[in-house]
Amino acid sequence: MIVKTFAHAASVAAFVVAATLAYPQTSPAVLTIHADQPVSKVSPTLYGLMTEEINYSYDGGLYAEMVRNRTFGASWDGIQHWTLVEYGNADAAIAPDKETGPSEALKSSLRIDVKQADPNSQAGVLNDGWWGVPLRPNTTYKGSFYAKASAGDLGPVKVSLVSNNTGKSVATAEVSGVATDWKQYEFTLKMGAIQPSAANHLALTVGHAGTLWLNLVSLFPPTYHDRANGNRIDLMEKLAAMNPAFLRFPGGNYLEGDHIPERYPWKKTIGPLVDRPTHPSPWRYHSSDGLGLLEFLEWCEDLKMQPVLAVYAGYSMAQEHVNPGADLDPYVQDALDELEYVTGGSETKWGAVRAQNGHPQPFKLNYVEIGNEDMFDKSGSYEGRYAQFYKAIKAKYHDLQLIATMPVKDMRPDVVDDHYYVRATQFFKDANHYDKTDRSGPKIFVGEWATREGAPTPNFGAALGDAAWMTGMERNSDIVVMAAYAPLLVNVNPGGMQWETDLIGYDAMRSFGSPSYYAQVLFAKYLGDQTVKAELKNGGPKFFYSITGNTAKKKLYLKLVNASSDPQPLEIDLTGARVAANAKLESLSAPDTQTTNTLDDPNRIVPVETTLHNVGSQFHHTLPGFSIQVIEFDEQ
């Protein structure tokens, strides 16, 4: 993901009346809807999710692991987020040990040398978590660690969750019998009637002199669908509310890495956590790879989304590339192996690995993206690289739809990925961008897009830009087969954001949807299977619409966007269908473009549902200034 600029309820009724009195009257626009004249099919995969490790989206975000730096990565100033603990008269020291670890993937560890300790004066380490360790009352937390001791008489390891404010333990467990060889030890911590708070830390201590080595210290809260190594419930619920049809993963820049050795190493992200070595992310922090390839696929499974898998295609962002031909062959084979892991039966080499990892059934895959933003590759090698991947993948997987990250000349891709990061004004002016696109192909995937206004999450002005752009994608959803806002997630704590204007914000305890998030929810919630003919007259430059119909449910969905500060009167003429006298209205509005949602005020801007009465073949409707509305008509 790189910055790009392309040229290209009674209360609502009262608000409408107040707005009409407060502002000068705008001439009515006239919208004529021919409900019996379908124009084109709507893509069933139009709205989905794009994700990558940015803004602490996985570690410290969606991935529910509560321990930060669980594998004890060290820097010049020590082992980050771990601190020596010496209670009473205990005496101890800690240091990274590069010579011993629990696996080939994790070859180092944290060494704790305890010179003096007793049960009342213990020594060890504490972890401060991801901006705290969030604890809730009457909740069970499950954890584990890998350890070995210098001798068998070290005594039990005490695991405690401790309040930062009182210094008192709110839950403890003891793990006995730490052996002199590396083993995994599990524990459970149960909360009582505590106050919810993130002002806590995790401590592991011993009450006996000796040496203890630790690695892969882990602690999980309850997770979505109770998955082991799973995801945060509140964030998954917000994503589920978006009704996403697909998930594009593992990311954009995160796929490429800054350098070729730092590309997304899918084979090192599968299997037991102790066999995952972790890797650097391009957003200047380390990825635990706890959310690995199988976890992405299970995320799709949990939210009933299609996977859209991006494979590394030989270009990394520091202008490093692999030449087409023999040099590229190993990377092509790696992609074929990945496709087999995802889709292969358990009789195949990589399908068997997936089954061994706990998922015997293959996943259904329709789309594969070859690379990411290869227009930035100054070598011009993408034409050849894409062709090599295309031919190899199509030879084995005939039905897969292959996505190019830029137009290619010598062959026609199935789909081309377009990215747009612009201001609201640009989306207002370009909302009809795809109206005249050649319908003979290739199809379009708007794989990353956003109105970049507001930080850390979009304000209402950005939501208006987003909604205007979405009306254009809906009208052209015969050619625009998929679209995904990006970035999806942001940790709003200091230091948690690398990219401004992100859809959903959170800290350790709470999360909120931005105005743009709720615009996404509305647009995906009310989407038919076909567009219908419509004409607009006298619509101003900041008035936008789309109309789709659901033939099975006999519904029409009219989406209206008024990005002007003035109310917009609208005459609606419905022909070719009889509709019920009452229609559902969901409205999203704000008094100013800078109005937004926050952790402390998450519901300042949310959809409000009301009913429009006396709807007929012709009726008058007024949109408030700065509003996004959806009218759901029932056909009779």
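One table, with the values for the structure above:
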{"item": "Estimated FRET transfer efficiency when R0 is 45 angstrom, pair S150-A199 (beta carbons, to 0.05)", "result": "0.85"}
{"item": "Peptide ranges 123-135, 173-185 listed from the most packed, as the mean C-beta count within 10 angstrom indicates", "result": "123-135, 173-185"}
{"item": "Extension reserve of the A395-K378 stretch, reckoned as 0.36 nm per residue once the Cα distance is removed", "result": "3.2 nm"}
{"item": "Sum of -39500 (n - 2.57) over DSSP H runs of 4+, divided by residues of the chain (222 nm, nearest 500)", "result": "-5000 deg cm²/dmol"}
{"item": "Q333-T611 pseudo-label distance in nm [points 7 Å out on the Cα-to-Cβ vector]", "result": "6.7 nm"}
{"item": "Computed label-point distance, nm, for sites E186 and T211 using a 7 Å Cα→Cβ extension", "result": "3.0 nm"}
{"item": "Subset of K304/K391; K238/K429; K304/K525; K429/K555; K98/K183; K238/K268 violating a 20 Å alpha-carbon distance limit", "result": "K304/K391; K238/K429; K429/K555; K238/K268"}
{"item": "Sorted peptide list for 625-631, 140-146, criterion being average Cβ within 10 angstrom, highest first", "result": "625-631, 140-146"}
{"item": "Listed residue (G155, A462, L135) projecting farthest to the positive dipole end of the chain, Cβ model", "result": "A462"}
{"item": "Size of electric dipole in the chain: Cβ of Lys, Arg +1 and of Asp, Glu -1, about Cα centre, debye, nearest 20", "result": "860 debye"}
{"item": "Proximal aspartates and glutamates relative to K378, as straight alpha-carbon distance under 12 Å, when same-chain residues fewer than 8 apart are discounted", "result": "E320"}
{"item": "DSSP beta bridge pairing in the chain, given as percent antiparallel to the nearest 5", "result": "70 percent"}
{"item": "Calculated SAXS-style log₁₀ I(q)/I(0) at q = 0.09, 0.22 Å⁻¹ - segment 74-220, Debye, Cα scatterers", "result": "-0.26, -1.51"}
{"item": "Charge dipole of the chain about the Cα centre (unit charges at C-beta), most positive-ward option of H279, N432, V175", "result": "N432"}
{"item": "Reach of K537 by Cα under 12 Å, taken over aspartates and glutamates that are not fewer than 8 positions away in the same chain", "result": "E571, D573"}
{"item": "Check: segment 74-220 dipole with +1 on Lys, Arg Cβ and -1 on Asp, Glu Cβ, in debye", "result": "440 debye"}
{"item": "Segment 490-591: mean projected area of Cα convex hull, nm²", "result": "9.8 nm²"}
{"item": "Positive-end residue of L239, N550, L489, charge dipole of the chain with Cβ unit charges", "result": "N550"}
{"item": "Difference of contour (0.36 nm per residue) and Cα-Cα distance, K304 to N432", "result": "43.0 nm"}
{"item": "Convex hull volume per residue in cubic angstrom - Cα atoms of segment 291-445", "result": "157 Å³"}
{"item": "Bins of 20 Å, starting at 0 and running to the largest distance - Cα pair percent for the chain", "result": "18, 46, 29, 7, 0"}
{"item": "Cβ-Cβ FRET estimate between K409 and E99, R0 fixed at 60 Å, reported to 0.05", "result": "0.65"}
{"item": "Hull-based mean projected area of segment 200-299, where the convex hull spans the alpha carbons, in square nanometres", "result": "9.3 nm²"}
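Each value in this text was obtained by applying a stated rule to the coordinates, not by laboratory testing. None of the values given here were measured: they were computed from a predicted structure. Backbone-built Cβ (ideal geometry, glycine too); neighbour counts: all protein chains shown.
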